[in-house]
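Undergrad: One structure, as structure tokens, below. Some questions next.
The values are calculated or read from the model by the stated rules, or taken from the named source; none is laboratory data. Values in this document were obtained by computation on a predicted structure and should not be read as measured data. Virtual Cβ from ideal backbone geometry, glycine too; neighbours counted across all protein chains shown.
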Amino acid sequence: MVKKEISIAFEDFGSLEELNSSDQELCKEAVKALANSHSPYSNFKVGAAVRLASGKIVYGSNQENVAYPSGLCAERVALFAIGANYPDDQIVSIAITAQTNEFELLKPTTPCGSCLQVMAEYEMKQEHHFEVLLYCIDGAIWKTKGVSSFLPFMFFEERLRG
Ligand SMILES: [Zn+2]
């Protein structure tokens with residue numbers, strides 16, 4: 001038996017002002033995306049803004065449904081829209097934020113496992129990492145280069161690609 005250990009690295013910023021202007025802007029775009037969240041069941045809004053190499057910003061927000069499993073997270077709404085509409089435009093960075101009136105959010109909201117898996121696959125598809133910014137409104141920002149920091153054991157089976 002060999003005991004192994006994986007460590008992850010991320011940057012922890014205290015406020016938006018500590019970020020470079022491009023990252024600041026993308027976090028603010030993620031806040032704008034909250035406006036189109038359809039979340040009457042959880043009252044938990046999530047917004048995502050994705051910057052593409054062309055400069056285009058693509059938005060996503062969580063979309064819930066009364067048939068509960070039918071909804072989708074903000075991150076996947078944005079990434080699937082990119083896959084469908086701008087498949088050749090490289091993803092540079094994604095900013096994710098959340099907002100609720102139910103309780104106070106004290107730290108950045110992290111993506112769910114399914115969204116991390118999808119993010120990891122898009123990184124592999126474009127053969128390039130993208131930056132992930134997790135923004136707690138009026139609070140901290142956690143930043144990583146690449147999704148593998150969050151999901152080192154992502155599911156991937158090379159033989160499925162044929
Ligand atoms: Zn998710």
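Undergrad: Looking at (1) out of contact with any Ser or Thr (no Cβ under 7 Å at 6 or more places or on another chain); (2) surrounded by 16 or more Cβ atoms within 10 Å (Cβ to Cβ), which is the one condition that is false for ALA74?
TA: (1)
Undergrad: In the range 71-94, is there at least one residue being outside any strand (DSSP E or B), at pLDDT below 95 and not basic (Lys, Arg)? If you could, list the steps in order and put the result at the bottom.
TA: So in the range 71-94, the residues outside any strand (DSSP E or B) come out as 71, 73-90.
With at pLDDT below 95 added as a condition, the list becomes none.
No, the range 71-94 has no match at all.
Undergrad: OK, next. Report, ordered by the first and then the second residue, all pairs with beta carbons closer than 8 Å, sequence separation of six or more or different chains, a first member in the range 98-121 that is more than 9 Å from the ligand (Cβ to nearest atom) and among the small types (Gly, Ala, Ser), and a second member that is modelled with pLDDT under 95 and part of a loop (DSSP other than H, G, I, E, B).
TA: Within 8 Å, the pairs are ALA120/LEU151; ALA120/MET154; ALA120/PHE156.
Undergrad: Could you grab me the full set of residues in the range 114-162 that are within 25 Å of LYS32 (Cα to Cα) and loosely packed, with under 12 Cβ neighbours inside 10 Å?
TA: ASP138
Undergrad: Among the numbered criteria (1) of a type outside the set (Asp, Glu); (2) in contact (Cβ under 8 Å) with a residue 12 or more places away in the chain; (3) over 30 Å from SER7 (Cα atoms); (4) within 16 Å of the ligand (Cβ to nearest atom), which one does LEU79 miss?
TA: Status for LEU79: all satisfied but (3).
Undergrad: Could you tell me which residue of the range 108-136 is farthest from the chain's Cα centre (by Cα), considering only residues that are under 24 Å from GLY71 (Cα atoms) and in a loop (DSSP other than H, G, I, E, B)? So that I can check it myself, show each step before the final result.
TA: Keep residues of the range 108-136 that are under 24 Å from GLY71 (Cα atoms), which gives 108-123, 132-136.
Add one more test, that the residue is in a loop (DSSP other than H, G, I, E, B), and what stays is 108-112, 136.
Numbers: PRO108: 11, THR109: 9, THR110: 8, PRO111: 6, CYS112: 9, CYS136: 13 Å.
Among those residues, the one meeting the criterion is CYS136.
Undergrad: Of the residues that make up the range 44-62, is at least one part of a loop (DSSP other than H, G, I, E, B) and either over 21 Å from LYS28 (Cα atoms) or within 16 Å of the ligand (Cβ to nearest atom) (or both)?
TA: First, pick out the residues of the range 44-62 that are part of a loop (DSSP other than H, G, I, E, B): 53-56, 62.
Still in the running and either over 21 Å from LYS28 (Cα atoms) or within 16 Å of the ligand (Cβ to nearest atom) (or both): 62.
Looking through the range 44-62, at least one residue is part of a loop (DSSP other than H, G, I, E, B) and either over 21 Å from LYS28 (Cα atoms) or within 16 Å of the ligand (Cβ to nearest atom) (or both).
Undergrad: Residue check: is SER15 surrounded by fewer than 13 Cβ atoms within 10 Å (Cβ to Cβ), of a type outside the set (Lys, Arg), at pLDDT 95 or above and within 16 Å of LEU134 (Cβ to Cβ)?
TA: On the way: surrounded by fewer than 13 Cβ atoms within 10 Å (Cβ to Cβ): yes; of a type outside the set (Lys, Arg): yes; at pLDDT 95 or above: yes; within 16 Å of LEU134 (Cβ to Cβ): yes.
When the stated conditions are applied, SER15 passes them.
Undergrad: Next question. Take LYS4 and tell me if it is touching a strand residue (DSSP E or B) at 6+ places or on another chain (Cβ under 9 Å), away from the ligand (no atom under 16 Å from the Cβ), farther than 13 Å from VAL132 by Cα and not in a strand (DSSP E or B). Give the steps one after another, and end with the answer.
TA: Numbers: touching a strand residue (DSSP E or B) at 6+ places or on another chain (Cβ under 9 Å): no; away from the ligand (no atom under 16 Å from the Cβ): yes; farther than 13 Å from VAL132 by Cα: yes; not in a strand (DSSP E or B): yes.
Spelling it out, it is not the case that LYS4 is touching a strand residue (DSSP E or B) at 6+ places or on another chain (Cβ under 9 Å), away from the ligand (no atom under 16 Å from the Cβ), farther than 13 Å from VAL132 by Cα and not in a strand (DSSP E or B).
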